[in-house]
Structures are given as C-alpha cells and as structure tokens.
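Structure first, commentary second.
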Amino acid sequence: MFARELQDLIIDQLHEDKEALFTCSLVSSWWLERARGSRFLDRPLVITSHSQDTEGFIELLFAPHSTLGRHIHYIWIDGPLKDSRMRGTPEDYVQLCRHIQDIIPHLPCVHALTFTHIVWNAIDEETKAHLRSLKGVTNLGWSTTVIDHLRDLILFTSENYLALESLEVDFIITGDNTEDGVLTLPPVFSPRFASLRAVKLYAQFNSTAPLFLPAPGNLLPLHNLHTLSLTAIGVQKNDMHLWASLLNAVGPVLKTLELHLYVRFTFNEGPQ
C-alpha cells in the first residue's frame, strides 16, 4: 500500500469527482473516512422539506457505526418559499422542521449555516432550539427570508452564534416600519458580535438598511470589520449623508470594501 501521505494526496485531488470519491470509499476504512471528509469539505448539506431529497441521507446518518455526521461542516436550510405570495404550506414546514430536528443532533462539527427561502415564523420553537445548539457556527447567511422584524434576526444571530466571524444578509422581507434608519430594539439589547470581521449586505432601504445606518448603540461593530460588501437599493438622494457616515464609521483594519449604491431620483414635471 502507498504511504499515507500519498494516499491523502490522491483523495484530495479527487475532491470534485463524486463518483471517484465513492469508489475510493470502498477501498478501506481509512479511505472511506478521507473520501467522506473530502466530499463535504466545501459543500453544504442541503436540508429541505422534500422527503425524497432528505430521507435517504437520514438513513445513512442513522446507520449503525455511522461516522458521516462529523464530516458535515456546512448546512444549507432551504425552505419552500417561492415569493411573497407563495410561502409554502404548513405541511411543508412541519416536514422541514422534522428533518432539521432529526439531522442536527448528529452533526457536531458545523461551522457554516445558511437560511434561504424561509418564513421564519413558520419554524417552530423546538426546531429553533436545535438551531441554537450549533454553537460552533462562524459563518452565517440569511437569504430570501420573510421575518416580521429585523430585530428578530439580529437578536437570534447575536445571542446564539457568539463565535460568528462572517455574516451575509441578502434579500430579507420584513414587516418593520423604520424611519431614518432607526431600528427599535429592547432596552437591554447588547450586540455580541465581538468576533465579526466580514459582512456582506444587500440592503433595501428601510428594511435591512438599519443594520448599518446610524442607530443607538451601532448594531454591527463596523470599526472591527476587515471586509465589507454592501449593495443598497432605493437609496434616496437626501439620505446620502447617512451612507457617508457609514464609511466614516469603519475602522483602520478594513482591507476590502465593495460598495454599490443605487440612488432613487424623483423627476418632477412642470416648472420648478
């Protein structure tokens, strides 16, 4: 048999080839462990409400002597939300929550988590408790999510993922009625984003924009960020000074800045 280092090199070179990794897993118990590790190295486990997509994986996860769970580092929870009107049925969310509750206790090494196509209020409290248990998460994404209040997203994120280093918020639909970028939070709220260093935000004005715009206490530690990517849609010309203050708030440790502002102009007809 080849030296262990050479075996590792062979498997690492095949990490993009699913069929080859499957073949490698049949060689020996060591090759099985390495092939599984390589298979899920940078790929998410997608948890959906569809039985056909998830039940087979659950069977493997629950198999006697299974070590599959410790190789999963990235979870992608993909709900049934299609658009603001087609949000999925209660049965869809019952199934999705059951899958989350079945799978998460068997995944001890998760460090990346993404929520997408979800109505947050349709996720029951027991399932949210399982999501809170993922204390090792350092990379978190919220995408195409319906949530009543932006503060719910902030509170859930900051209170449960204390080791968070990277946060992405993309196309969040909220019921907030914010004005001038001010977001109302509980008086005792204290953000805990002590480890946060990278943020990517798709901001629709008066929706997710308050994450950055001046507000009591500064919700995100802009002075600690080394990477900031911001796309803002519907910026009003008269509010450009707010975005200027955002840039003034970033600290000297910032290394990468990507900024896209789409300004909304109003054209008045007739004499001024």
Review point. When you scan the range 71-93, how many residues do you find that are in contact with a helix residue (DSSP H, G or I) (Cβ under 9 Å, 6 or more places away or on another chain) and either farther than 23 Å from N121 by Cα or β-branched (V, I, T) (or both)?
Key: 4
Check your understanding: What number of residues in the range 144-169 are open to solvent by 20 Å² or more (accessible area, probe 1.4 Å) and assigned to a loop (DSSP other than H, G, I, E, B)?
Key -> 5
Exercise for review: Given the conditions (1) out of contact with any Pro (no Cβ under 7 Å at 6 or more places or on another chain); (2) modelled with pLDDT under 75; (3) of a type outside the set (A, V, I, L, M, F, W, C), report the number of the one that T178 does not fulfil.
Suggested key: (1)
Check your understanding: Among the residues of the range 53-82 satisfying the criterion of being part of a loop (DSSP other than H, G, I, E, B) and open to solvent by 60 Å² or more (accessible area, probe 1.4 Å), which is modelled with the lowest pLDDT?
Key -> H65
Check your understanding: Hey, does the range 86-98 have a residue that's modelled with pLDDT under 80 and surrounded by fewer than 16 Cβ atoms within 10 Å (Cβ to Cβ)?
Key -> yes
Review point. How many residues does the range 102-119 hold that are open to solvent by less than 10 Å² (accessible area, probe 1.4 Å) and part of a helix (DSSP H, G or I)?
Key: 2
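Can you tell me which residues in the range 123-143 are part of a helix (DSSP H, G or I), open to solvent by less than 40 Å² (accessible area, probe 1.4 Å) and of a type in the set (A, V, I, L, M, F, W, C)?
L131
The values are calculated or read from the model by the stated rules, or taken from the named source; none is laboratory data. The structure presented is a predicted model; accordingly, all values stated were derived computationally and were not measured. Glycine also receives a Cβ, built like all others from the backbone with ideal geometry; neighbour counts cover every protein chain displayed. We work out accessible area using only protein heavy atoms, side chains counted, and drop any ligands, DNA or RNA first. Shrake-Rupley method; radii C 1.70, N 1.55, O 1.52, S 1.80 Å.
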